[in-house]
Structures are given as C-alpha cells and as structure tokens.
1. List every residue pair whose Cβ atoms sit under 7 Å apart, with the two residues 6 or more apart in sequence or on different chains, where the first one lies in the stretch 105-123 and is more than 11 Å from Leu11 (Cα to Cα) and the second, anywhere, is open to solvent by 80 Å² or more (accessible area, probe 1.4 Å) and not in a strand (DSSP E or B).
2. Can you name the residue in the stretch 42-70 that is part of a loop (DSSP other than H, G, I, E, B) and of a type in the set (Lys, Arg) and, of all such residues, is modelled with the lowest pLDDT?
3. Could you grab me the full set of residues in the stretch 1-15 that are surrounded by 13 or more Cβ atoms within 10 Å (Cβ to Cβ) and in a strand (DSSP E or B)?
4. Please tell me if Thr91 is without any contact (Cβ under 8 Å) to a residue 24 or more places away in the chain and open to solvent by 20 Å² or more (accessible area, probe 1.4 Å).
5. Suppose we filter the stretch 35-85 for residues that are open to solvent by less than 60 Å² (accessible area, probe 1.4 Å), farther than 16 Å from Gly114 by Cβ and aromatic (Phe, Trp, Tyr); how many remain?
6. Any residue at all in the stretch 16-25 that's out of contact with any strand residue (DSSP E or B) (no Cβ under 8 Å at 6 or more places or on another chain) and either exposed (fewer than 14 other Cβ atoms within 10 Å of the Cβ) or farther than 18 Å from Gly116 by Cβ (or both)?
Amino acid sequence: QVELVESGGGLVQAGDSLRLSCAASGLTFSTYTFGWFRQAPGKEREFVGFIGWSRTNTYYASSVKGRFTISRDNAKNTLYLQMNSLKPEDTAVYYCAAQLRAPSISANVYDYWGQGTQVTVSS
C-alpha cells in the first residue's frame, strides 16, 4: 500500500532553517505530484506549496514564497521541503500529500497523506 512518511521536524529558533523529507513507498513516485500542507493548533489545514511532475513546476503560498523550496528526488522516492528564515508563525504540523493528477493547492484532491511532522519555531 502507499505510504508517505515525513521526517525532519523539530524545535528551532526564528531565523533558522529546517529541511523536511517525505519518503514515499508503494507507488510509482515519478507519476505523482505532491503538495505540502500545514496545520497549526486551532487552525484549518493550509496549503504551503506543490511540485508537479517536473522539478521546475513549483508553486508556493504567499506566506512562504521566497523562504521555502520544494524539491523531489525521483531516484530516492523522496520529496523535500527546505524551510529558511523560519518564523514563529510557521509553527505547525507539516504534511506531505500525493496524487496522480496535475498539482493543486486544494487538499481535497490529494489521495495519500503522511502522518505529519511537528515544526516549532520559537521567537
């Protein structure tokens, strides 16, 4: 079965960087598009960014654009989220998601989700 496993979260200070990974198994990685989402306590899950089949097809929420970068390594079946200049408002559980269709900002279209990894940014 399809499994997505996030890792790399942790507690950091404002201005620091983190790189999240999402290891995928049970699917043909190159045929999927991926999204990153996050959910802060008491808030709705929100879109962070997506990557299409091409590594150059990426799109980001305005709140993270210029600070976060999504990449994929098809040989390693792994998705990444590089987060720089972290802010306290980036504190959330981060999720990766996969689907076979064109990339989307809508969480509803994604078929598979990881369990999430906690990112906490202190001021």
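1. That search, which allows pairs on different chains as well, returns Ala107/Arg45; Val109/Arg101.
2. So the first thing to find is which residues in the stretch 42-70 are part of a loop (DSSP other than H, G, I, E, B), and the list is 42-45, 52-57, 61-64, 66-67.
Filter again for of a type in the set (Lys, Arg), leaving 43, 45, 55, 67.
On the way: Lys43: 96, Arg45: 97, Arg55: 93, Arg67: 98.
Applying the filter and picking the extreme gives Arg55.
3. Within the stretch 1-15, the first condition is being surrounded by 13 or more Cβ atoms within 10 Å (Cβ to Cβ), and the residues that meet it are 4-10, 12, 14.
Correct list: Leu4, Val5, Glu6, Ser7, Gly10, Val12.
4. Numbers: without any contact (Cβ under 8 Å) to a residue 24 or more places away in the chain: no; open to solvent by 20 Å² or more (accessible area, probe 1.4 Å): yes.
Here the answer is no, as Thr91 does not meet what is asked.
5. The total comes to 2.
6. No: zero hits.
The values are calculated or read from the model by the stated rules, or taken from the named source; none is laboratory data. In this text the structure is predicted, and so the values were computed from the model without any measurement. Glycine gets a Cβ as well: all are built from the backbone with ideal geometry, and neighbour counts include every protein chain shown. For accessibility, only protein heavy atoms count, side chains too; no ligands or nucleic acids. Shrake-Rupley method; radii C 1.70, N 1.55, O 1.52, S 1.80 Å.
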